[in-house]
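Single-structure report; data block below.
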Amino acid sequence: MKNIFFLFFFIFLTCFSTNVFSAASDQVDTSSDDFETSQVEDEIYDPFEPINRAIFSFNNVADRIVLEPIAKGYKKLPSPLQTGISNFLSNLRAPLVVLNQVLQGQGENAFQTTGRFFVNSTVGIFGLIDVAEKMGLEEKEEDFGQTLATWGVGDGFYVVLPLFGPSNVRDTTGMIMTMMTDPINAYVVSEGEAWIVPMRTAANAVDQRSKIIDEVNALRDNSLDYYAAVRSSYYQNRNAAINNIDDSELTPLPLISIEFE
Amino acid sequence: MKIFRFLFLLIIVFNGNKLFADEPSSWLKNEIDKILISYQSSDLPNENRFLMIEQTINNNFAGTGIAKFVVGEAWNKASNDIKKEYVKNFKRHLALNIASMMQGYSDQKYELSKSSLDTKSNIILIDMEIFSNTGSVVVTWRVKESKGRYFVIDLIVADISLVVTKRSEFNSMLKSVNYNLSEFNKILYNQNNESYQKIIN
């Protein structure tokens, strides 16, 4: 009797411990209203949605036909070469990053980025090698759109720019300011080599696109509404950049319940 | 002899009970490995591979909770049968999304670099750093513990939350069908079939 009792007790504990009893996945039958208490913004101000969708479709075709194949080709280059190109392009952005960090009152970051620029431009052979990273000088990106946001300028409405992709009024203004004030662009134009400016923009686009080939394809292949998914992704990504907070802390935590039958 | 039995029992209990034995990170690593290994088994037919991944995702994601969250108020208006059908469709949709994303990471090395607890919401945040030849990308897994088990409630890639993005995307589509979950189910079902064909071919 004792042995039988022990056997049942043993089976019970073993089943319990290996989650046999709790192994059922979450089920439908509860009436929690978690979603109503969420702080997530569902609506993005997009008054020109039909026009934006048309431009988005055009961009999507351009991406499939031109940018994605080039980015895939670029990915086939030897990785030190890719890293070198990426570092070089990033280093060219540094002067404007410093300016924006100063404008946002980020003295320490501006000091670090200045250090990065000088170290990488010299020891790092014109920025091809990111020596500064190894010295603990971390790369941080800031642009005029972020600066305007820090100064309290609102997003404005959502806009999809031909070839440049998702943006909003504030970030488009920031982009124009970047084009007008970039010292590297100003220098090459003054030297009569204006063709370098669009080449640099294209190189940046290919470099950035090559880093997100799988993610974009996963989103594109599995979205019910790819336009809305990209729009939401753009806002989340920009909000994270503006607030300079760790991604896991920033994005609102959805109040999602675990439900059992 | 009794002491031996007792010790044996204790080992079995503590070894099996995830709450005691599995730290969230090692649990997550185990589940991620299951998915990645299925991609690395080249002799496995694509249909079977996806079924394995779908099962892993369904067992470890808070599918129903996420499903409710992403359709917002359309949930309240629907009947129980419609809700059940929607949850079934959503779970497949979620599996297709995760499988598609993980496919891109299948030949890359990764490590779970950081784990922390958000004390406000009691949610565990686990950073997964995926290394490629030219750099790395961080995926943050949001995990919730319930009844001794862990469930993934969200994924963050490049500051973008999968769940928040899905909610926005679903909201846009629901608007076009006047927040009718039954109509939405048809769209979701068709999209799932389309995505499934892409993933198995």
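The values are calculated or read from the model by the stated rules, or taken from the named source; none is laboratory data. Computed from a predicted structure; not experimentally measured. Reconstructed Cβ throughout: ideal geometry from the backbone, glycine too, with neighbour counts over all protein chains shown. Accessible surface is based on the protein model in full, side chains and every heavy atom, while ligands, DNA and RNA are left aside. Shrake-Rupley method; radii C 1.70, N 1.55, O 1.52, S 1.80 Å.
Scaled to the compact-protein estimate 2.2 N^0.38 Å, what is the alpha-carbon radius of gyration of the range A:84-149, rounded to two decimal places?
Working it through for the range A:84-149, the quotient is 1.05.
Taking all protein chains as present, what is the carbon and sulfur share of the accessible area of chain B, in % to the nearest whole number, probe 1.4 Å?
With neighbouring chains kept in place, the figure for chain B is 52 percent.
The range B:56-95: which residues show an accessible-area loss of 30 Å² or more, assembly versus chain alone, 1.4 Å probe?
B:T64, B:G65, B:K68, B:F69, B:W75, B:N76, B:K84
Roughly what would the spin-label model give for B:D33 and A:I70, points 7 Å off Cα along C-beta, in nm?
4.3
If one takes the accessible area of chain A alone plus chain B alone and subtracts that of the pair, with a 1.4 Å probe, what total in Å², rounded to the nearest 100, results?
Adding both sides of the contact gives about 5900 Å².
Could you give the accessible area per residue of the range B:2-194, probe 1.4 Å, as a whole number in Å²?
For the range B:2-194, the per-residue accessible area is 46 Å².
With only alpha-carbon atoms in the gyration tensor, what are the semi-axes of the equivalent ellipsoid for the range B:2-194, in Å, largest first?
Listed largest to smallest, the semi-axes of the range B:2-194 are 31, 22, 18 Å.
Please give the contour-minus-distance gain from A:F126 to A:E193: 0.36 nm per residue of separation, less the Cα-Cα distance, rounded to one decimal in nm.
Contour length minus Cα-Cα distance gives 22.2 nm.
Among all the lysines, which ones have a C-alpha under 19 Å from B:K34's C-alpha, if same-chain residues fewer than 8 places away are not counted?
Counting by Cα, and skipping residues close in sequence, B:K34 has these lysines nearby: B:K18, B:K91, B:K109.
Over the range B:2-194, what is the relative contact order in percent, taking alpha-carbon pairs closer than 8 angstrom and at least six residues apart?
Relative contact order for the range B:2-194 comes out at 22 percent.
Quick one: dipole size for the range B:2-194, taken about the Cα centre, charges +1 on Lys/Arg Cβ and -1 on Asp/Glu Cβ, in debye to the nearest 20.
With only Lys, Arg, Asp and Glu charged at Cβ, the dipole is about 780 debye.
Evaluate E = 1/(1 + (r/R0)^6) for B:D43 and A:N217, where r is the Cβ-Cβ distance and R0 equals 22 Å; express this FRET efficiency to the nearest 0.05.
My answer for the efficiency is 0.35.
Calculate, for the range A:107-248, the solvent-accessible area per residue in square angstrom, rolling a 1.4 angstrom probe over the heavy atoms of the protein chains.
It amounts to 49 Å² per residue over the range A:107-248.
When only Cα pairs under 8 Å and 6 or more residues apart are kept, what is the percent relative contact order across the range A:128-176?
Contact order relative to length: 34 percent.
Obtain the nm distance between the two label points defined at A:K140 and B:K175 by a simple spin-label model: each point lies 7 Å from its Cα along the Cα-to-C-beta direction.
Each label point is offset 7 Å from its Cα along the Cβ direction, giving 3.6 nm.
Rg over Rh of the range A:95-219, using C-alpha atoms and the Kirkwood radius, what does it come to?
Reported Rg/Rh, Kirkwood definition of Rh: 0.98.
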